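S.K.: Right, I'll just put the structure down here and ask away after.
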Amino acid sequence: MRTASPVLVGRAEQLAVLDAALAPARREGPSVVLIGGEAGVGKSRLVSEFTARARGAGARVLTGGCVELGTDGLPFAPFTAVLRELVRELLLERLAESGPVVLLIEDAHWADRSTRDLLAFLVSRQQILDGVLIIVTYRSDEMHRTHPVRPLLAELGRLSWVERMELPRLDRRHADELVARILGREPEPSLADDVYRRAEGNPLFVEELLCSDCDSGLAAGVPASLRDLLLVSVRRLPDETQEVLRAASAGGQHIRHALLAAVTGLDDDVLTRALRPAVAANVLTADAQGYAFRHGLIREAILDDLMPGDHTRLHTRFAEAPGAGARALGQGARRRTVDRREPAERAGAGRPGGKDRRGERAGGKVRFRSAQGDRSGRRARPRGPAAGDPGLAEEAQRHR
Ligand SMILES: Nc1ncnc2c1ncn2[C@@H]1O[C@H](COP(=O)(O)OP(=O)(O)OP(=O)(O)O)[C@@H](O)[C@H]1O
Ligand SMILES: [Mg+2]
């Protein structure tokens, strides 16, 4: 429903860090705070709250934002806004003489090369910016292993005057408070539970999932406004990776490697190779047992995007997957999926654009070999080490 909370919820700790960083900026040269956090977690809200306070305390605030422009954005985009202000105010140093200055660079994950270079220069040569506090925000969920901003952050983070901060999701108490602030009333316990289970404390997701016209007060599927944000890093992945993710999405929030191998019919190595880019891109996290989606709504968005036929096929695969039955994994996966899909499908049927969106994903059908039979449902010889292999139980143990 996208009504924002009129007050900032929580974040006392982070505001204290920023306040402290502004204090030495007044006395003995700049400090720098690098604020990372996943999309929608509240970086901009936090810094806007802080800069409002800083302004109130007499600081001058200069803000520039990086914009997403292809692979290497517009040179100096965030700095042009800042520099324009600088020209008007003569020089930053002169400004700093008359009071503290906060230089805020937002969304540095989109910083082009020139911006990165200038940022490195400004931060590392603090003496030219006496009395200036630099705040940089970036999406940590976009910081995949080869992201060009990643080494810059690591390098800057080693400087003694630079503080790195990872803004976490809201905890349960603050997430409940956010719901109450947005609604303007205490939510029913079941609504608060459902919001927390699905939004996992991400304030943007909380805002978007709350739905004043829905019976339950909660959007049934993934709101269209969130879909692109959730799927952006998924769509950048190789086709074969996306295909495995579609299968994984039907298996629950966490899925064991062995079960996924059985369901996809892929060899261990092939499966690992297919999933590596998803882990590197922060779509999945890997542990000793298997994989988890970084956020449950990413899984929901992928699940929502499946073709109707994919659902049936995947449910069958999960139910038939050797080793899944004993622990009722297939059942569990199936039950969870069905639970989620029922309301989603009901809503999806009447959702504008729902059909088109599915139609757009041409050729994106899940095309795995069946673990135990071919696609016509006939039994076939098991293929791959995991498929129908009596060794699967051992394999599952190994990954457990
Ligand atoms: N602590 C909070 N209290 C109340 N509302 C919040 C809080 N944090 C975030 N919000 C709200 O959640 C929404 C998303 O927050 P915000 O835009 O700050 O996220 P972000 O981390 O900057 O995301 P992005 O990476 O997309 O820029 C906004 O509407 C914001 O007002
Ligand atoms: Mg932001």
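S.K.: Does THR137 satisfy the condition of being within 16 Å of ligand 1 (Cβ to nearest atom) and assigned by TED's automatic domain parsing to the domain that holds LEU46?
M.R.: So THR137 fits the description; yes.
S.K.: Okay, next question. So ALA96 clears everything in (1) within 12 Å of ligand 1 (Cβ to nearest atom); (2) of a type in the set (Gly, Ala, Ser); (3) at pLDDT below 70 except one condition, right? Which one?
M.R.: (1)
S.K.: Cβ-Cβ distance below 9 Å, separation of 6 or more or different chains: which pairs start in segment 281-292 with a residue that is at negative phi and end on one that is of a type in the set (Ser, Thr, Tyr) and crowded, with 17+ Cβ neighbours inside 10 Å?
M.R.: Listed pairs, sorted by first residue: ALA281/SER233; ALA281/THR241; VAL283/SER233; VAL283/THR241; LEU284/TYR291; THR285/TYR291.
Every residue, every condition in (1) free of Cβ contacts under 8 Å to residues at least 24 places away in the same chain; (2) outside the structural domain of VAL41 (by TED's automatic domain parsing), yes or no:
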residue: LEU118; (1), (2): no, no
residue: GLY131; (1), (2): no, no
residue: THR146; (1), (2): no, no
residue: GLU177; (1), (2): no, yes
residue: GLU186; (1), (2): yes, yes
residue: ALA199; (1), (2): no, yes
residue: PHE205; (1), (2): no, yes
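S.K.: Is it the case that ALA262 is aliphatic (A, V, I, L, M), closer than 26 Å to VAL206 by Cβ and crowded, with 19+ Cβ neighbours inside 10 Å?
M.R.: Here the answer is no, as ALA262 does not meet what is asked.
S.K.: Hey, another quick one. Since GLU166 meets every condition but one in (1) within 14 Å of ligand 1 (Cβ to nearest atom); (2) surrounded by 18 or more Cβ atoms within 10 Å (Cβ to Cβ), which condition does it not meet?
M.R.: In the conditions (1) within 14 Å of ligand 1 (Cβ to nearest atom); (2) surrounded by 18 or more Cβ atoms within 10 Å (Cβ to Cβ), GLU166 misses (2) alone.
S.K.: Taking segment 207-248 on its own, how many of its residues are free of Cβ contacts under 8 Å to residues at least 60 places away in the same chain, assigned to a strand (DSSP E or B) and within 23 Å of LEU167 (Cα to Cα)?
M.R.: Residues meeting the conditions: 0.
S.K.: Looking at segment 4-22, which of its residues are surrounded by fewer than 13 Cβ atoms within 10 Å (Cβ to Cβ), small (Gly, Ala, Ser) and more than 8 Å from ligand 1 (Cβ to nearest atom)?
M.R.: Result: ALA12, ALA16.
The values are calculated or read from the model by the stated rules, or taken from the named source; none is laboratory data. Quick caveat, the model's predicted, so the values are computed rather than measured. Glycine gets a Cβ as well: all are built from the backbone with ideal geometry, and neighbour counts include every protein chain shown.
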